[in-house]
Amino acid sequence: MHNVWDVIIVGAGPAGMCAALETTGHGLRTLVLDRQMEPGGQIYRSVGSSAMVDKLGSDYAAGLPLVKKFNASDAQFESGANVWDIAPDRVYYSRQGKSYCEQARHVILATGAMERPVPLPGWTLPGVMGSGASDVLLKSSSLLPEGPVVLCGNGPLILQAAVHLSQFDIPVAGVLLTGRLGNALRATKYALGACSRPGYFLHGVNLAIQTLFKHKCVFEAQDIRISEKGQGLEVLFATRSGKKKELTASTVLLHEGVISESRITRLARCRHTWDQCQRYWHVDADLWGQTSVPGLRTAGDTASVRGAVAAQAEGHLVGLDVCRELGSIPMSQRDDEARPHLRIIKRCKSLQPFLDEYFAPTPSMLQPAADAIVCRCEELTAGELREAINEGCYSPNGLKSQARPGMGTCQGRVCGQAVAEMIADAHGIPLENLPLYTAQPPLFPLRLGELVNTSIPPDLL
Amino acid sequence: MFTKVSDSNNKKITIYFEDEPVEVEEGMTVAAAVLEPSHGWTRTTHGGHKRGAFCHMGVCHECLMTIDGVPNQQACLTPVADGMKVYRQNGEPDFHQEEGKHA
Ligand code: FES
């Protein structure tokens, strides 16, 4: 008989930690797996050990008490655990070159989100990275690019990055904003909802003002391309009126919003929903995180990107309902304890349409220039892929067998969305009719020896 | 290329990047630790182009390196350890390294 957990939670970010606080708090044996070494997720990355806690403002510092509570809970935390397959009652993962399988009565997926990869010519050059990557380096290692830095993109996180850079006097050569000015107008119809979280809203306005006053900002920048210049990088772009300009940088940070990491829920064959405004797939789940697959729940940004505050509330709700389902609390107690979290979610949900509309991705940004490498792993350019698409390829999976995008080690995490956008555009197919690449186990390349030499009992393999 | 904006109290240890000793702080990932000495590139593609970590959170696989003799390791998910030997991965992974070519 193998050890069967009550609950396994994948992901120790805000949602996963809060779910674990509920399940362990109500006596359920809980295992939490995360790929990082410390709990916190990306938003509270390394907050338990970071030298930056006092310097990065209250949003980041808010993670510290949560991580402390989580560490003090009865949850068993496995760090450095890479989940490579999943079923409603079991999870397969690799840790330090060895694979394990753990069984549970219930599984909660709280794997969060990632930055939307938007291919540009030159985005593969060393020195170009996601602005989320720079954020991770700052939180976990107190590192910032020496500058000059050029920021390109759209979304609240790019403003946050710009403010961090100026806070530490890192020279910023320019901020190329790729969002459309017209979005602001469209977003005004949701302005009332934005007032549901006045503190958060004003914080955002403050970031925007600081960015605009401290840095050279370009609105509606387009045709961005990056190339090597001497020891550094050169960023070429066109302004709103089509004027060509250039900036010199040592580091370029890119960011085009955040999308749910859906590979794991797609692998589990959960039903997904297409978010038309922000253009990404996310798993379909009810208020209690129940997906279309019984026994499999989801919480936080995996189930739709709404940020850390909503993720924590969702984690609590999902945890509470799992406790109810497994019989450790009655329905009435679940409802009582859920109330404050439901209020938070309601407020977050009223703000979200404003943010989604304001920072909606610009369609032209999603159609890469012919010489941009789209599939980084297989080194395939948009031009090469369009040729195959125009020859008669109508789905990401089909293109995969025809031209090999998605066959690299990242298994299509980076190129999947871009490839779907290109096919949709070329053939005039609505993107919601084009499923992404099929997700298959193992979720990332495993060494054969690891499978041969596994601790997984043969009947579970 | 990158600069430290705050000091932590973490213990200093030594890793070897392409056989050169590098002093780093415990708790860092290999990808962060080699940013400086590697000039931001961690591997070359089969086409021979330089690449460096793009996401630093395990998504992009651009930071594949040979770590302690094992090729194809995601440097951004691997914590540094004293005496660790880290090499850039050039083109396809060289599985002979695993047999101790660099050991
Ligand atoms: S970018 Fe296409 S498979 Fe990795």
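The values are calculated or read from the model by the stated rules, or taken from the named source; none is laboratory data. Bear in mind the structure is a predicted one, so any value in this text is a computation, not a measurement. Because the Cβ atoms are built from the backbone with ideal geometry, glycine has one as well, and the counts that use them run over all protein chains shown. The area values use the complete protein model at the heavy-atom level, side chains included, leaving out ligands, DNA and RNA. Shrake-Rupley method; radii C 1.70, N 1.55, O 1.52, S 1.80 Å.
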Residues (open to solvent by 50 Å² or more (accessible area, probe 1.4 Å) and in contact with a strand residue (DSSP E or B) (Cβ under 8 Å, 6 or more places away or on another chain)) located in region B:42-74: B:50, B:68, B:72, B:73
Can you name every residue in region A:117-166 that is in contact with a His (Cβ under 9 Å, 6 or more places away or on another chain), outside any loop (DSSP other than H, G, I, E, B) and of a type in the set (A, V, I, L, M)? A:129, A:133, A:136, A:137, A:138, A:144, A:151, A:157, A:158, A:161, A:162, A:165
Just one of (1) within 16 Å of the ligand (Cβ to nearest atom); (2) open to solvent by 20 Å² or more (accessible area, probe 1.4 Å) trips up residue A:420, so point out which. (2)
For region A:155-179, what are the residues that are under 22 Å from the mean Cα position of the chain (by Cα) and open to solvent by 10 Å² or more (accessible area, probe 1.4 Å)? A:156, A:157, A:159, A:160, A:161, A:163, A:164, A:177, A:179
Going through region B:58-75 in order, the residues found to be within 7 Å of chain A (Cβ to nearest Cβ), outside any loop (DSSP other than H, G, I, E, B) and within 13 Å of the ligand (Cβ to nearest atom) are B:64
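Which residues, taken from region A:304-320, are open to solvent by 10 Å² or more (accessible area, probe 1.4 Å) and under 12 Å from residue A:19 (Cβ atoms)?
Taking region A:304-320 and keeping what is open to solvent by 10 Å² or more (accessible area, probe 1.4 Å), we get A:304-309, A:312, A:314, A:316.
A:312, A:314, A:316, listed by residue number.
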Within region A:95-132, the residues that are among the polar types (S, T, N, Q) and either modelled with pLDDT of 95 or more or open to solvent by 20 Å² or more (accessible area, probe 1.4 Å) (or both) are A:96, A:103, A:111, A:124, A:131
So which of A:438, A:409 ends up being within 11 Å of the ligand (Cβ to nearest atom), in a loop (DSSP other than H, G, I, E, B) and open to solvent by 20 Å² or more (accessible area, probe 1.4 Å)? A:409
Pairs with Cβ under 7 Å, 6+ apart, first in region A:358-384 and over 13 Å from residue A:121 (Cα atoms) and within 13 Å of chain B (Cβ to nearest Cβ), second hydroxyl-bearing (Ser, Thr, Tyr) and within 16 Å of the ligand (Cβ to nearest atom): A:377/A:409
Mind listing just one residue for me: the one in region A:74-92 that is open to solvent by 30 Å² or more (accessible area, probe 1.4 Å) and part of a strand (DSSP E or B) and, of those, farthest from the other protein chains (Cβ to nearest Cβ)? A:90
Within region A:374-397, tally of residues that are open to solvent by less than 40 Å² (accessible area, probe 1.4 Å) and either within 12 Å of the ligand (Cβ to nearest atom) or not in a loop (DSSP other than H, G, I, E, B) (or both): 14
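Can you name every residue in region A:28-42 that is away from chain B (no Cβ under 11 Å) and not basic (Lys, Arg)? Give the steps one after another, and end with the answer.
Of the residues in region A:28-42, the ones away from chain B (no Cβ under 11 Å) are A:28-33, A:39-40.
Hits for region A:28-42 are A:28, A:30, A:31, A:32, A:33, A:39, A:40.
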Would a scan of region A:59-67 turn up a residue that is open to solvent by 10 Å² or more (accessible area, probe 1.4 Å), more than 22 Å from residue B:35 (Cβ to Cβ) and touching a Lys or Arg at 6+ places or on another chain (Cβ under 8 Å)? no
Give the residue that is modelled with the highest pLDDT, with candidates limited to residues of region A:194-234 that are of a type in the set (Ser, Thr, Tyr) and assigned to a helix (DSSP H, G or I). A:211
Collect the residues in region A:248-296 that are outside any loop (DSSP other than H, G, I, E, B), open to solvent by 20 Å² or more (accessible area, probe 1.4 Å), β-branched (Val, Ile, Thr) and away from every other protein chain (no Cβ under 14 Å), keeping them in residue-number order. A:248, A:273
Considering (1) within 14 Å of chain B (Cβ to nearest Cβ); (2) more than 20 Å from residue A:221 (Cα to Cα); (3) in contact with a Lys or Arg (Cβ under 8 Å, 6 or more places away or on another chain), say which one residue A:101 fails and leave the rest. (1)
Only one of A:173, A:191 is part of a helix (DSSP H, G or I) and of a type in the set (Gly, Ala, Ser), namely A:191
Are any of the residues in region B:9-26 within 10 Å of chain A (Cβ to nearest Cβ), modelled with pLDDT of 95 or more and open to solvent by 20 Å² or more (accessible area, probe 1.4 Å)? no
